[in-house]
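The values are calculated or read from the model by the stated rules, or taken from the named source; none is laboratory data. Given the structure is predicted, the values throughout are model-derived calculations rather than measurements. When we count neighbours, we look across all protein chains shown, and the Cβ atoms used for this are built from the backbone with ideal geometry, even at glycine.
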Amino acid sequence: MEQELNVLQNTDHPHMVRVFELLQDDAHFYIVTELVTGGELYDHIIKVKRLTERQAADLIKQLLLALNYMHEQNIVHRDIKPENILLAPEESTEPGKLNLKLTDFGFACFYRPERGLKQVLGSPLYMAPEIVREE
């Protein structure tokens with residue numbers, strides 16, 4: 001949890017869930033975030049059955065912008081999957097446009113190239129085979 005809080009305190013990007021406040025008492029940590037009302041990308045895909053090529057490209061672009069920002073900060077997410085991508089209705093003139101928000105930074109960590117990553121973390125069904133095989 002401490003690692004996640006450290007990552008969240010050091011990030012600010014329009015395609016990542018914003019963190020407003022981090023609180024703790026003797027027994028718990030509390031993370032106050034922006035309200036994202038569109039649900040998970042996974043549920044959206046199940047509901048609509050398919051995305052147009054334009055919609056898919058727009059969502060991928062937003063995800064890549066968030067990941068690029070994280071990597072510029074030397075942060076790796078390590079659990080990218082549709083369940084960890086939230087959707088917010090876009091406040092624009094384009095009806096139906098979705099705004100992606102990356103969330104769940106429980107496995108995220110700061111990356112140091114000289115040390116690499118030793119621990120295999122993530123959701124196995126979404127992991128690259130070489131990661132699962134620890135290659």
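The set of residues from region 17-33 being under 17 Å from Asp104 (Cβ atoms), free of Cβ contacts under 8 Å to residues at least 24 places away in the same chain and in a loop (DSSP other than H, G, I, E, B) comprises just one member, Arg18. Apart from one condition, Tyr42 fits all of (1) exposed (fewer than 15 other Cβ atoms within 10 Å of the Cβ); (2) within 16 Å of the chain's Cα centre (by Cα); (3) free of Cβ contacts under 8 Å to residues at least 24 places away in the same chain; the exception is (3). So, Asn99, is that one closer than 14 Å to Val17 by Cβ and of a type outside the set (Asp, Glu) or not? In short, yes.
Restricting attention to region 80-92 and to residues that are at pLDDT below 90 and in a strand (DSSP E or B), the residue that is nearest to Thr33 (Cα to Cα) turns out to be Ala88. With the structure loaded, tell me whether Glu34 is of a type in the set (Asp, Glu), modelled with pLDDT under 90, exposed (fewer than 15 other Cβ atoms within 10 Å of the Cβ) and farther than 22 Å from Tyr126 by Cβ or whether it fails that test. Spelling it out, Glu34 is indeed of a type in the set (Asp, Glu), modelled with pLDDT under 90, exposed (fewer than 15 other Cβ atoms within 10 Å of the Cβ) and farther than 22 Å from Tyr126 by Cβ.
No other residue among Pro124, Pro95 is modelled with pLDDT under 80, under 19 Å from the mean Cα position of the chain (by Cα) and exposed (fewer than 12 other Cβ atoms within 10 Å of the Cβ) apart from Pro124. Applying the set (1) loosely packed, with under 12 Cβ neighbours inside 10 Å; (2) of a type in the set (Asp, Glu); (3) farther than 18 Å from His71 by Cβ; (4) modelled with pLDDT under 80 to Glu130 leaves exactly one unmet item: (4). Of the set (1) exposed (fewer than 13 other Cβ atoms within 10 Å of the Cβ); (2) over 18 Å from Val19 (Cα atoms), all apply to Ile80 but (1). Picking from residues in region 98-119 that are among the basic types (Lys, Arg) and in a loop (DSSP other than H, G, I, E, B), the one that is modelled with the highest pLDDT is Arg112. Taking region 57-79 as the range and being assigned to a strand (DSSP E or B) and under 11 Å from the mean Cα position of the chain (by Cα) as the test, only Val76 passes.
Filtered by the rule that a residue be of a type in the set (D, E, K, R), modelled with pLDDT under 85 and exposed (fewer than 11 other Cβ atoms within 10 Å of the Cβ), region 1-31 gives Glu2, Glu21.
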